[in-house]
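Scroll down for the structure; my scribbles are underneath it.
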Number of protein chains: 2
Amino acid sequence: MSSETSQVEGQRRPGRPRDERADAAIVAAALELLGEVGVHRFRMDDVAGRAGVGKATIYRRYPSKERLVAAAVASLVSEIAVPDTGSTRGDLRSLMRDAVAVYSRPHAGGLMAGLVEAMCHEPALAAAVREGFLATRRRALERVIERGVERGDLAAGLDLQLALDVLGGPLFYRLLITGGPIDGQLADGVVELILTGFGVPRGNHPKGA
Amino acid sequence: MSSETSQVEGQRRPGRPRDERADAAIVAAALELLGEVGVHRFRMDDVAGRAGVGKATIYRRYPSKERLVAAAVASLVSEIAVPDTGSTRGDLRSLMRDAVAVYSRPHAGGLMAGLVEAMCHEPALAAAVREGFLATRRRALERVIERGVERGDLAAGLDLQLALDVLGGPLFYRLLITGGPIDGQLADGVVELILTGFGVPRGNHPKGA
DNA sequence: GCATTGCGATACTTGACAGTATCGTAATTG
DNA sequence: CAATTACGATACTGTCAAGTATCGCAATGC
């Protein structure tokens with residue numbers, strides 16, 4: 001799935017095979033440039049130059065600039081396992097620290113900004129990003145919160161959407177707007193807020209009086 | 001300040017004066033288009049067409065497309081008063097509902113997305129937006145939180161930056177990413193979370209046992 | 001009235017860049 | 001070996017849009 005052009009398994013075309021290093025170099029260069037200069041000034045010639053590749057090599061794989069951009073973005077989708085540290089706090093922290101790591105990648109800000117911009121005017125891309133990029137992380141958080149409720153750490157009637165957006169929003173906000181630090185302190189602070197704010201009403205705290 | 005070209009007060013050039021309606025129409029058309037199609041496909045010809053104005057009329061005011069975009073964005077800056085409802089909850093809700101209203105404007109999503117994208121690659125614009133757009137709202141929230149601490153509603157040692165980003169982040173996140181509802185429920189939910197999560201430690205809760 | 005500036009409209013110039021074509025060469029299969 | 005496809009490089013084509021110039025006319029001050 002590293003390249004766009006699909007090919008039936010096992011059956012192989014005659015002639016020189018595609019260079020897989022070129023596949024990787026093209027996507028890597030595209031991601032770098034998207035982050036650095038934005039979709040706006042993203043040029044195919046630059047991609048070719050940075051990837052050390054001829055333009056024809058790109059167009060042999062992707063029929064247009066848009067498709068290359070889409071493929072580059074799609075390559076960022078990754079699997080997220082639901083953590084199980086034994087405590088709700090530990091699980092939430094684990095997921096949030098993962099998120100911090102993702103948002104701390106080299107050109108995460110520029111990349112996200114470009115992505116967001118594109119999503120607003122291309123519903124298909126928006127759907128793809130929401131489903132491929134966001135949904136897995138969101139489902140993992142959802143599962144952890146559910147378990148938190150079962151454990152009695154979180155209130156049963158909590159507003160799940162609100163909780164998810166409070167967990168994700170501040171990171172995103174710092175990345176794109178305030179420019180504040182995206183670090184463990186932020187991650188842990190948000191988690192504590194959720195645990196306190198959505199914790200079960202006080203008085204019946206298990207280990208307390 | 002409706003137009004870019006400055007002119008010394010009181011001293012006036014000969015000839016026909018600028019049409020102020022054109023000033024307004026140009027900025028309005030620019031904002032609409034920025035929200036609808038994004039910076040990427042923002043065309044001066046379209047601005048002229050929508051504003052019912054010749055291109056020369058635009059270029060007489062703004063020397064380039066970039067400057068027009070910057071001016072249009074700058075026109076969005078508004079004053080924000082620090083509310084004083086008598087309670088921390090009321091003050092926070094008031095500010096948050098203002099924010100909800102701003103984010104609910106016609107093309108707020110597209111506009112914000114384009115703005116964010118531009119900010120990532122133009123530090124000058126980023127600084128301008130942060131200072132003119134964000135700082136006033138942020139300072140108002142800051143003041144309200146300070147008063148909340150003085151009143152004893154909020155803990156003295158709270159992480160102010162975190163509180164501000166938790167108040168602002170979720171709205172922003174829904175606007176640009178999740179597409180969730182931006183309404184009173186969100187605003188109030190976030191406020192309750194802040195009040196509970198950053199409230200003074202329990203036990204000395206005034207009305208509880 | 002006359003000079004000056006602004007107006008909308010339209011035509012024009014110019015640069016940037018997506019996408020294509022071509023060249024000489026390299027890696028495969030048969 | 002021949003046929004086929006890929007490679008990097010470079011030149012080319014075509015389109016799109018920013019910015020300029022010009023036209024005939026309107027509004028202002030002198």
accessible surface per residue for the protein assembly as shown, probe 1.4 Å, DNA/RNA/ligands not counted, whole Å² -> 51
The correct ranking of B:Ile80, A:Ile177 by accessible area at 1.4 Å, largest first, is B:Ile80, A:Ile177
Calculate what fraction, in whole %, of the accessible area of chain B sits on carbon and sulfur atoms when a 1.4 Å probe is rolled over the protein chains. 53
Got the relative contact order for region A:88-197 handy, in percent, Cα pairs under 8 Å and 6 or more residues apart? 45
Counting alpha carbon pairs within less than 8 Å and at least 6 residues apart, what relative contact order, in whole percent, applies to chain A? 22
In what sequence, largest accessible area first, do A:Tyr103, B:Tyr173, B:Tyr59 appear using a 1.4 Å probe? B:Tyr59, A:Tyr103, B:Tyr173
Reported to two decimal places, what Rg/Rh ratio describes the protein assembly as shown when computed on Cα atoms with Rh from the Kirkwood expression? 1.03
With labels modelled as points extended 7 Å from the Cα through the Cβ direction, what inter-label distance (nm, one decimal) is found for A:Glu131 paired with A:Ala156? 3.5
Give me the residues in region B:12-44 whose solvent-accessible area, probe 1.4 Å, is reduced by at least 50 Å² once all protein chains are included instead of the chain isolated. B:His40
Kirkwood hydrodynamic radius over Cα pairs of region B:88-197, then Stokes diffusion coefficient at 20 °C and 1.002 mPa s, in µm²/s: 146
Calculate log10 I(q)/I(0) of chain A for q = 0.13, 0.17 Å⁻¹, where I(q) comes from the Debye formula with a single equal point scatterer on each Cα and nothing for solvent. -0.82, -1.14
Rounded to the nearest 100 Å², what is the sum over both chains of accessible area buried where B meets A, with a probe of 1.4 Å? 3800
Note the count of lysine pairs whose C-alpha atoms are less than 27 angstrom apart in the protein assembly as shown, limited to pairs 8 or more residues apart or on different chains. 4
Quick check: net charge around A:Cys120, other residues with Cβ under 12 Å of its Cβ, Lys/Arg +1 and Asp/Glu -1? -3
Using only alpha carbons, build the gyration tensor for region B:20-74 and give me the equivalent ellipsoid semi-axes, biggest first, whole Å. 15, 12, 11
Net charge over other residues, Cβ less than 15 angstrom from the Cβ of B:Glu79 (K, R count +1; D, E count -1): +2
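The values are calculated or read from the model by the stated rules, or taken from the named source; none is laboratory data. Values in this document were obtained by computation on a predicted structure and should not be read as measured data. Reconstructed Cβ throughout: ideal geometry from the backbone, glycine too, with neighbour counts over all protein chains shown. Areas reflect the complete protein model, heavy atoms only, side chains present, ligands, DNA and RNA absent. Shrake-Rupley method; radii C 1.70, N 1.55, O 1.52, S 1.80 Å.
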